[in-house]
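J.: For reference, the structure I am asking about is given below.
The values are calculated or read from the model by the stated rules, or taken from the named source; none is laboratory data. Computed from a prediction, not measured in an experiment: that's the story for all the values here. For neighbour counting, all protein chains shown are included, and Cβ atoms are generated from backbone atoms with ideal geometry for every residue, glycine included. Quick note on the areas: whole protein, heavy atoms, side chains included, nothing else; ligands and nucleic acids left out. Shrake-Rupley method; radii C 1.70, N 1.55, O 1.52, S 1.80 Å.
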Amino acid sequence: MASNDPDLPDPLADLQPGDLIEIFRPAYQHWALYLGDGYIINLTPVDEGPVAAMSSVKSVFSRKAVVRMQLLKEVVGSDSYRVNNKYDHNHTPLPICEIIQRAQVLIGQEVSYDLLGSNCEHFVTLLRYGEGVSEQATRAIGAISLVTAAASAFSVLGLINTRSRNRPF
């Protein structure tokens, strides 16, 4: 994982335009797409300035986001990050020039944001592959489904138990 330690080799040397960057925030992973020359494109909340938006948990609950081009080192801050083109094995990346062109057209635009259906990982994978994918969202949906199923099962069991106790015989 890359860090901002000046004694380590330059982590930007390994980055290629079009790479997916996974940034490890304290409670979640933020995703960006590397454009080149130290710049990335990513989603930030509409109602916060670019610097405040980098590590805000509030961004997870926003309904709108702004597409911003920013320096990777400013977005990462003191967090760690890595190149993670994890979907390359089952999704073919678009040509680099097309990825960059698609990204540049969106800079400054306001877009819909939804943690489960249209998050920062969906955004950058849509740019890289032409299809929005988010393992993080899929895991969250699975967890929500499991909790919902468990709550339903407990409700049904509670209802059955209550009915059997209320019978006079």
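J.: Please list the non-local residues whose amide H lies under 5 Å from the amide H of residue 133, H modeled 1.01 Å from N, same-chain partners needing a gap of 5 or more.
T.: Under 5 Å from the amide H of residue 133 lie the amide H atoms of 125, 126, each far enough along the sequence or on another chain.
J.: How large is the accessible surface of residue 68 in square angstrom, using a 1.4 angstrom probe and rounding to the nearest 10?
T.: Its accessible surface works out to 50 Å², give or take rounding.
J.: For residue 88, what accessible area in Å² do you get when you roll a 1.4 Å probe over the heavy atoms of the protein chains, rounding to the nearest 10?
T.: For residue 88, the solvent-accessible surface is approximately 60 Å².
J.: Grab the beta carbon distance between residue 14 and residue 89, set R0 = 22 Å, and tell me the FRET efficiency rounded to 0.05. Before the final figure, lay out each step's value.
T.: On the way: r = 19 Å, r/R0 = 0.87.
The formula returns an efficiency of 0.70 here.
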